[in-house]
Amino acid sequence: MRRILLPLLLASAGFAADNVRFDLASKDGTALEAFTVTAGKGRVVLAGWGPEEKRKGYLTTAFAIPAGEWTEVGITFTPAADCEATLNLMGPWKPKPGTDNKELEQVFVTWDKLTVEGATAANGDFEELDDKGQPKGWWKGGKEDAGNKVVSDGAKSGKNAILAWHNGQYAQVLKLTGGKPVKLSVWAKSTVDPAAK
Ligand SMILES: [Ca+2]
């Protein structure tokens, strides 16, 4: 039994130092099953919050990547039925000390080069911008001054990438086919050393 438990405990300790996160949630609570990490050091689990009936359709990830290096992170999963799911490129939930979890640190993540197998993602490279300078096919979440934005310096591919955090995301809706595995890969960069968290 100990041989099984020890690696689990170590994995759990690594999770506490995460600096990258994206979420994927089916709109109607359709189950997202057989999920596992395919790239990067991290984990994917069902949400432990929100309405009980929707948790089986809500995947949340946590990865620990080296600061300042573009790193591929990814997961695979299979939707139980046809559904639409919202992909949220964001950042880890990190409350500011002494705020009773009401205020969060802005742990920013730069994102680029999203590729999806088994479904179609729009503008995964963030190269197509609309007349407001926002990436086509994505919507910008959070308050107007949240600080999430397109960045044109040091992208992983092409010219543009996006900067996001927990309360300032970029999201898009993916149409998924029941029983068809989806493999999602995206590149992330963090300015925060995972060991510093
Ligand atoms: Ca790009």
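Under the convention that each Lys and Arg Cβ holds +1 and each Asp and Glu Cβ holds -1, the size of the dipole of the stretch 53-191 around its Cα centre is about 300 debye. Is the chain best put as rounded, prolate or oblate by its Cα gyration tensor, with a ≥ b ≥ c the root eigenvalues, rounded for a/c under 1.5, and otherwise prolate when a/b is larger than b/c, oblate when not? The shape class here is rounded. So what is the relative contact order for the chain, in percent, with contacts set as C-alpha pairs under 8 Å and at least six apart? Computed value for the chain: 28 percent relative contact order.
The label-point distance for GLN106 and VAL151, in a model that sets each label 7 Å from Cα toward Cβ, rounds to 1.2 nm. Of ALA146, ALA31, ALA164, the residue with the greatest mean-square motion in the GNM of the chain, using alpha carbon springs below 10 Å, is ALA146. Sorted on the mean count of surrounding Cβ atoms within 10 Å across their residues, most packed first, peptides 41-48, 174-181 read 41-48, 174-181. A simple packing score, the average count of other Cβ atoms within 10 Å per residue, orders the peptides 148-154, 69-75 as 69-75, 148-154, with the highest score first. With R₀ set to 22 Å, the beta-carbon distance separating GLU53 from LYS175 gives a calculated FRET efficiency near 0.55. Between TRP93, TRP49, TRP111, the Gaussian network model of the chain with springs among Cα atoms under 10 angstrom shows the greatest mean-square fluctuation at TRP49.
FYI, it's all coordinate maths here, none of it is from the lab. Here the structure is a predicted model, which is why all the values come from computation and not from measurement. FYI the Cβ positions are ideal-geometry reconstructions off the backbone, even for glycines, and counts take in every protein chain you see.
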